[in-house]
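The values are calculated or read from the model by the stated rules, or taken from the named source; none is laboratory data. For clarity, every value in this text was computed on a predicted model and none was experimentally measured. Neighbour counts run over all protein chains shown; Cβ positions are idealised from the backbone, glycine included. Side chains included, ligands, DNA and RNA excluded: accessible areas come from the protein's heavy atoms. Shrake-Rupley method; radii C 1.70, N 1.55, O 1.52, S 1.80 Å.
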Amino acid sequence: VSKKKLAIGADVGGTYSKIILADEAGRILADTQIETQASRGPKKFLRRLADAAISLQRQSGLRAKAIGLGIAGDVDSEAGKLRFSPNLKPFSGFPLRRTLQSYLHLRTAVENDANAAAWGAFVCELKRRPLNMACVTLGTGVGGGLVLNRKLFRGSTGSGGEIGHMCVEADGALCHCGARGCLEAYMGSYGLTGAAEKLMSGPSGRKSLLHRAPGGKLTPQAITDAALKGDAVAKAVWKMGGYYLGLGIASLIYLLNVDNVVIVGGVSKAGRLILDPVIKVLRSKPFQAPLKHARIRIGQKPHLGALGAALLGLEER
Ligand SMILES: [Zn+2]
């Protein structure tokens with residue numbers, strides 16, 4: 001049995017919440033999943049989350065010292081509240097930390113999910129080595145987190161590192177935030193599937209394998225599968241998404257001169273299909289020094305969001 005400090009981490013999503021028990025080195029010792037059921041309200045959710053945390057500890061015979069929540073949305077980590085989230089509207093403004101503390105009596109952190117993933121990547125993937133790193137989370141949306149001078153950088157109001165809303169194309173595709181040309185509008189899963197649909201209806205897209213996507217559902221995974229089979233439309237979609245991600249990452253490196261960029265999240269499973277066009281953009285720039293210094297990689301560890309949340313729980317006083 002590990003003598004290290006243990007913590008519970010939860011990655012709270014719109015549909016499911018992943019819950020893990022991990023040690024301070026980032027080893028996952030037990031895990032489970034519950035339905036979030038946001039419409040039933042934050043109190044009921046936190047009660048079920050607390051019950052799941054208790055049974056994880058009971059089943060494994062281990063005791064956690066802290067708990068951390070990573071939540072998609074605008075989080076006030078100082079106050080331990082979610083200010084607003086489009087996917088978890090009923091949780092907005094609720095005192096999450098205070099309530100969870102009253103249930104479990106543990107040190108409790110409440111953090112934006114991308115910030116939590118960045119911290120997870122910093123500790124578990126990079127072993128706290130780099131001075132500065134950026135994390136890009138690829139899912140429905142594109143998020144990001146920054147670790148600067150080995151500390152999580154939240155910005156002045158907690159919105160630091162919103163990499164997905166950096167503009168990479170003037171008057172470009174429409175983003176869910178309402179603006180045009182955001183990185184997310186190209187590299188978020190809806191940006192990728194939208195681009196695929198456009199190409200599929202074009203003259204060279206009629207024979208695309210994507211017309212026969214499993215269950216008729218166009219997903220980033222289906223685009224990956226088709227690209228690996230040589231489908232021209234699918235390959236073009238990743239090339240385009242990767243190109244815009246490359247532009248975003250280049251700007252990020254020029255701005256912050258980070259040592260590492262870690263790409264995580266469900267969509268990052270496309271691996272080289274994303275990495276190759278990103279590297280191509282970085283190599284094409286004349287001013288090479290900071291770009292050459294930065295190492296770009298796809299995160300390998302699962303559940304970095306939940307892990308990072310757990311580790312941030314341990315950092316709480
Ligand atoms: Zn946007």
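The table that follows gives values for the structure above.
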read-out: Test: Leu29 is among the hydrophobic types (A, V, I, L, M, F, W, C), in a helix (DSSP H, G or I) and either closer than 16 Å to Leu96 by Cβ or at pLDDT 95 or above (or both); value: no
read-out: Matching residues in the range 61-71 - criterion: being out of contact with any Ser or Thr (no Cβ under 6 Å at 6 or more places or on another chain) and either assigned to a strand (DSSP E or B) or at pLDDT below 95 (or both); value: Ala66, Gly68, Leu69, Gly70, Ile71
read-out: Residue match in the range 146-153 (condition: farther than 16 Å from Ile253 by Cα and touching a residue at least 60 places away in the same chain (Cβ under 8 Å)); value: yes
read-out: Which listed residue is within 14 Å of the ligand (Cβ to nearest atom) and either within 18 Å of Trp238 (Cα to Cα) or surrounded by fewer than 18 Cβ atoms within 10 Å (Cβ to Cβ) (or both), from His211, His176; value: His176
read-out: Sole residue being touching a His at 6+ places or on another chain (Cβ under 9 Å) and either open to solvent by 20 Å² or more (accessible area, probe 1.4 Å) or more than 16 Å from the ligand (Cβ to nearest atom) (or both), chosen from Gly188, Gly194, Gly265, Gly205; value: Gly205
read-out: Long-range neighbours under 6 Å by Cβ, at least six apart or interchain, first residue in a loop (DSSP other than H, G, I, E, B) within the range 198-219, second modelled with pLDDT of 95 or more; value: Gly205/Leu199; Gly205/Val233; Ser208/Met200; Ser208/Asp231; Ser208/Val233; Ala213/Ala222; Leu218/Thr193; Leu218/Ala196
read-out: Selected residue [surrounded by 16 or more Cβ atoms within 10 Å (Cβ to Cβ) and not hydrophobic (A, V, I, L, M, F, W, C)] from Gly158, Gly216; value: Gly158
read-out: Among the candidates Gly143, Gly164, residue that is in contact (Cβ under 8 Å) with a residue 12 or more places away in the chain, within 12 Å of the ligand (Cβ to nearest atom), closer than 18 Å to Ala270 by Cβ and in a helix (DSSP H, G or I); value: Gly164
read-out: Qualifying residue in the range 243-254 (condition: within 16 Å of the ligand (Cβ to nearest atom), open to solvent by less than 70 Å² (accessible area, probe 1.4 Å) and of a type in the set (S, T, N, Q)); value: yes
read-out: Condition met for Lys280 (in contact with a helix residue (DSSP H, G or I) (Cβ under 6 Å, 6 or more places away or on another chain) and open to solvent by 10 Å² or more (accessible area, probe 1.4 Å)); value: no
